[in-house]
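The values are calculated or read from the model by the stated rules, or taken from the named source; none is laboratory data. Owing to the predicted nature of the structure, the values given are computational and were not obtained by experimental measurement. When we count neighbours, we look across all protein chains shown, and the Cβ atoms used for this are built from the backbone with ideal geometry, even at glycine.
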Amino acid sequence: MSRKSRFRRGLAAAAVAAAGATALTVAAAPAQAASCSGYVGLTFDDGPSGNTPALLNALRQNGLRATMFNEGQYAAAYPAQVAAQVSAGMWVGNHTYTHPHLTQLSQAQVDSEISRTQQAIANAGGGTPRLFRPPYGETNSTVQSVAARYGLTQIIWDVDSQDWNGASTDAIVQANARLTNGQIILMHDWPANTVAAIPRIAQTLASKGLCAGMISPQTGRAVAPG
């Protein structure tokens with residue numbers, strides 16, 4: 001099953017959840033930080049992949065930083081891309097190992113999905129994640145307790161870009177335009193339209209006085225990079 005169809009079939013009507021940022025703060029805050037009236041959290045799920053270099057290049061060229069919620073199976077398969085995410089100044093979060101419906105799994109299975117991803121990301125040079133996003137935004141008390149055991153803060157989203165569902169570049173830009181201070185948007189590593197939208201996302205945020213920030217592990221909201 002493709003990532004797109006997998007997400008479409010399983011996407012719950014997820015609301016905003018608690019959250020946290022990744023383990024690493026690599027680069028310094030952007031030079032334009034002094035002009036920021038607020039910060040938003042750009043997030044990209046399901047990487048790393050063969051599309052990751054293009055995504056990172058677009059983000060860097062436009063002065064944006066983001067949180068990359070990586071699947072453990074892909075971190076293990078593309079370790080150089082995890083290292084590239086960190087080198088580009090991104091934060092790395094945990095998105096489980098195989099992208100299952102966690103609420104349908106036993107506690108031991110949830111633990112395996114989360115713990116193996118922590119290890120795969122660390123082995124690839126991504127540090128120890130502090131943020132966790134459950135696939136499809138599906139969560140329950142078991143999922144949250146297991147995540148907390150690994151020092152992870154659960155992050156859902158405020159705005160869904162619908163890039164997983166074939167959203168156009170225009171629609172992805174418009175979704176980002178709805179962000180307000182502290183909010184988080186769901187995007188993905190693999191859609192070509194998402195990469196194409198990056199320059200206009202940067203322009204849109206700048207026009208609103210917003211900058212791309214990190215997600216705080218303490219509050220689960222976007223804040224100035226530490």
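Can you tell me how many residues within the stretch 74-97 are within 23 Å of E113 (Cβ to Cβ) and within 16 Å of the chain's Cα centre (by Cα)?
15
What number goes with the only condition from (1) touching an Asp or Glu at 6+ places or on another chain (Cβ under 6 Å); (2) under 13 Å from L42 (Cα atoms) that N176 does not pass?
(1)
Taking N165, is it over 14 Å from Q118 (Cα atoms), free of Cβ contacts under 8 Å to residues at least 60 places away in the same chain and surrounded by fewer than 16 Cβ atoms within 10 Å (Cβ to Cβ)? Show your work before the answer.
Values: over 14 Å from Q118 (Cα atoms): yes; free of Cβ contacts under 8 Å to residues at least 60 places away in the same chain: no; surrounded by fewer than 16 Cβ atoms within 10 Å (Cβ to Cβ): yes.
Considered against the rule, which asks whether it is over 14 Å from Q118 (Cα atoms), free of Cβ contacts under 8 Å to residues at least 60 places away in the same chain and surrounded by fewer than 16 Cβ atoms within 10 Å (Cβ to Cβ), N165 comes out as no.
If you scan the stretch 43-85, which residues turn out to be in a helix (DSSP H, G or I) and surrounded by 22 or more Cβ atoms within 10 Å (Cβ to Cβ)? Let's see the steps before the verdict.
To start, the set of residues in the stretch 43-85 that are in a helix (DSSP H, G or I) comprises 52-61, 72-77, 79-85.
Those that are in a helix (DSSP H, G or I) and surrounded by 22 or more Cβ atoms within 10 Å (Cβ to Cβ): T52, L55, L56, L59, G72, Y74, A75, Q81, V82, Q85.
Can you name the residue in the stretch 94-111 that is hydroxyl-bearing (S, T, Y) and surrounded by fewer than 18 Cβ atoms within 10 Å (Cβ to Cβ) and is also farthest from G47 (Cα to Cα) among such residues? Explain how you work it out, then say what you get.
Looking only at the stretch 94-111, we keep the residues that are hydroxyl-bearing (S, T, Y), and these are 96-98, 103, 106.
Okay, now just the ones that are also surrounded by fewer than 18 Cβ atoms within 10 Å (Cβ to Cβ), so 98, 103, 106.
On the way: T98: 11, T103: 22, S106: 25 Å.
Filtering the stretch 94-111 for residues that are hydroxyl-bearing (S, T, Y) and surrounded by fewer than 18 Cβ atoms within 10 Å (Cβ to Cβ), the one farthest from G47 (Cα to Cα) comes out as S106.
Out of V92, V110, I need the residue that is in contact with a helix residue (DSSP H, G or I) (Cβ under 9 Å, 6 or more places away or on another chain), in contact (Cβ under 8 Å) with a residue 24 or more places away in the chain and assigned to a strand (DSSP E or B). Which one?
On the way: V110 fails: assigned to a strand (DSSP E or B).
Answer to the check: V92.
Please indicate, with yes or no, whether at least one residue in the stretch 178-185 is assigned to a strand (DSSP E or B), within 23 Å of S49 (Cβ to Cβ) and modelled with pLDDT of 95 or more. Spell out how you get there, then give the answer.
We begin by selecting, within the stretch 178-185, every residue assigned to a strand (DSSP E or B); these are 184-185.
Okay, now just the ones that are also within 23 Å of S49 (Cβ to Cβ), so 184-185.
Still in the running and modelled with pLDDT of 95 or more: 184-185.
Within the stretch 178-185, one or more residues are assigned to a strand (DSSP E or B), within 23 Å of S49 (Cβ to Cβ) and modelled with pLDDT of 95 or more.
Scan the stretch 186-224 for residues that are among the hydroxyl-bearing types (S, T, Y) and either closer than 23 Å to S49 by Cα or not in a helix (DSSP H, G or I) (or both) and jot them down. Write out each step before concluding.
Just the residues of the stretch 186-224 that are among the hydroxyl-bearing types (S, T, Y), to begin with: 194, 204, 207, 216, 219.
Correct list: T194, S216, T219.
Pick from the stretch 113-140 the residues that are touching a residue at least 60 places away in the same chain (Cβ under 8 Å) and assigned to a helix (DSSP H, G or I): which of them is surrounded by the most Cβ atoms within 10 Å (Cβ to Cβ)?
Selected residue: P135.
On the given criteria, is I184 under 22 Å from R65 (Cα atoms) and in contact with a helix residue (DSSP H, G or I) (Cβ under 6 Å, 6 or more places away or on another chain)? Before the answer, list the steps.
Values: under 22 Å from R65 (Cα atoms): yes; in contact with a helix residue (DSSP H, G or I) (Cβ under 6 Å, 6 or more places away or on another chain): no.
In short, no.
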